[in-house]
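Report on the following structure.
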Amino acid sequence: MMKNTTLLIVCTFLAISGVYAQDSTDNTEQRQQIVALVDAYAQAREQHDTVLLKSILTEDIDQLVSSGEWRTGKKESMEGMQQSATENPGTRTLKVEKIRFLNPGSALADARYEIANPDGTVRKMWSTFIVVYHEENWKIAAIRNMLPASPQ
């Protein structure tokens, strides 16, 4: 009887530890890659670097900007980004504050988004990036820019 109980306890322990071991992956490197991706996006926007921008966006990207405009596809999104940077000059800063993995190949990255205008005012918003792991790199699949209802 004692042997059966001991065997049952050992088997239960092994089964439980095997299940939890699969969920305990360390994703520090992926987080760093996603932060670097958002940094690259900000850099590409600031420097009007269409080559870099094209390389970090998925073909089917879509974007909802704070004005309510939807941009669908890489071409339309990139054109809108360039037009926005020209029409709304200022220094753009994105700071990732939270990353939530939906599965090993996709995540949400929430960032503070500020535009320091030439007149000294600062427009404070939020951006959410939906990112996917595609062809061994993280890429931006969607962007949602939000203007808070109340000052932050």
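Report the gain in length on full extension from E135 to K75: 0.36 nm times residue separation, minus Cα-Cα distance, nm rounded to one decimal. Each step should come with its number before you reach the end.
On the way: separation 60, 0.36 × 60 = 21.60 nm, distance 2.00 nm.
So the extension gain works out to 19.6 nm.
With each pseudo-label sitting 7 Å past Cα toward Cβ, what's the T28-V122 distance in nm, one decimal?
Modelled inter-label distance: 3.0 nm.
How large is the accessible surface per residue of the stretch 28-152, computed with a 1.4 Å probe and reported in Å² as a whole number?
With all protein chains present, the stretch 28-152 gives 57 Å² per residue.
Classify the stretch 42-152: rounded, prolate or oblate, from the alpha-carbon gyration tensor (a ≥ b ≥ c, eigenvalue square roots; a/c under 1.5 rounded; otherwise prolate if a/b is larger than b/c)?
oblate
Could you check how much of the accessible area of the stretch 20-152 is carbon and sulfur, as a whole percent, using a 1.4 Å probe?
That fraction is 49 percent.
The values are calculated or read from the model by the stated rules, or taken from the named source; none is laboratory data. As the structure is a prediction and not an experimental result, all values here were calculated from the model. Don't worry about glycine lacking a Cβ; one is built from the backbone with ideal geometry, like all the others, and counts go over all protein chains shown. Calculation scope for accessible area: heavy atoms of the full protein, side chains included, ligands and nucleic acids excluded. Shrake-Rupley method; radii C 1.70, N 1.55, O 1.52, S 1.80 Å.
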